[in-house]
């Protein structure tokens, strides 16, 4: 953020905008890892100062010795620690470093996981440490190799936090790496990447809403203003989550909803009850199902960001609003699939004579509108049962799906 500074001649001079990237060590590192991390931090700082001298860069570091990690660690656990320190210390970004292996869901392993929604990334030294595969290296060589890989991995994840896409050049920091050794060749950002980063840093360095003192004690107004000012960032964060894939990635939600659909469409009473409902009632039921199930999942899976510090911040608003919209869109996608599936099944598999017998309480002929009403009724009930199924999804997996942009 730009702040005035007294110059020798008594005039106010603007100093470079400050951007802070905090490093959080989760747990205890051995002597080699700690030395390599210090060197990597220095190299990352030099890279950013070299390419972006218009900003004042700071990279404070903290160690959370009380964090005890064993076995493969869910990245979301470490993201929570990083977000907590970032909020508490008012950093712009946080990079969390651990020596434990990271739990992955889509790849055989993960070296790091960026979460743009909260501006935090997790890096693991477990696989990039040459000691994991090359026992013959001296300690100095091990430190140098690990520092080089940590630098490349940190800048790769930092690029993702600023919405940089992958690059086909193996030497680029944004190369879509496949193996640990790919990190050894990654040495620079492309000119396009540097230009995109400048644009991103201009936004990051702007004075934040909480720093203006406006809307102090007015949480609703703060949320509305911050949401509008960061609408582009919120849209990008929702896109990263890919809520339209929720029905295909949350098996328990889909199984429970689909089971409900099948049970209802082969039950005569369900046809009679569903088709006899007024259209407005089904619409209201559908809206209540969408809102209620979204709130239930947000609460049950503990998706909203709540920190020790009570003050409001733009970053927290962006994270919370993005997750709420993502879950709402995910449930809307599920509802739409249930609606379309129900309509298709009822129109193709059930003859008019059978339908008239099942919906005996209806007066007059059965119209297309009755099928729409039945489909909405079944979709609403299926969504509610599906939300109960989603509550049995592993919490770390649901949070992983909501926050983690990719497994690097």
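Every number here is computed from the coordinates shown, using simple stated rules; none is lab data. In this text, all values refer to a predicted model and were calculated from it rather than measured experimentally. Counting neighbours? That spans all protein chains shown, and the Cβs are built from the backbone with ideal geometry, glycine included.
Points to keep in mind about this one:
- Bridge orientation summary for the chain: considering DSSP beta bridges with both residues in this region, about 30 percent are antiparallel.
- Modelled FRET efficiency - R0 51 Å, residue 202 with residue 281, Cβ distances, 0.05 increments: 0.50
- C-alpha long axis of helix 368-390 to longest principal axis of the chain, angle in °: 40 degrees
- Chain lengthening between residue 356 and residue 224 when straightened (0.36 nm per residue, less Cα-Cα): 42.5 nm
- Ordering 267, 98 by the number of other Cβ atoms within 10 Å of each residue's own Cβ, fewest first, gives 267, 98.
- Translational diffusion of the chain, µm² s⁻¹ [Kirkwood Rh, Cα pairs; Stokes-Einstein; 10 °C; 1.306 mPa s]: 66 µm²/s
- The length gained by stretching the chain between residue 347 and residue 255 to full extension, at 0.36 nm per residue less their Cα-Cα distance, is 30.9 nm.
- Sorting 348, 255, 145 from the fewest to the most surrounding beta carbons within 10 angstrom yields 348, 255, 145.
- Angle in degrees between helix 75-89 and the longest Cα principal axis of the chain, rounded to the nearest 10: 60 degrees
- Between helix 314-348 and the chain there is an angle of about 30 degrees, using the helix long axis and the longest principal axis of the Cα atoms.
- All C-alpha to C-alpha distances of the stretch 4-204, sorted into 10 Å bins beginning at zero, yield P(r) values of 9, 35, 36, 15, 4, 1, 0 percent in whole numbers.
- Modelled spin-label separation between residue 109 and residue 182, with each label point placed 7 Å from Cα along the Cα-to-Cβ direction: 1.4 nm.
- Counting beta carbons within 10 Å around each of 196, 347 and listing the fewest first gives the order 347, 196.
- Mean residue ellipticity at 222 nm, helices only, the chain: -18000 deg cm²/dmol; runs of at least 4 DSSP H residues each add -39,500 (n - 2.57), and the sum is divided by the number of residues.
- Measuring between their Cα centroids, the stretch 85-124 and the stretch 270-286 lie 46 Å from each other.
- DSSP bridge pairs, the stretch 4-204: antiparallel proportion in percent, nearest 5: 30 percent
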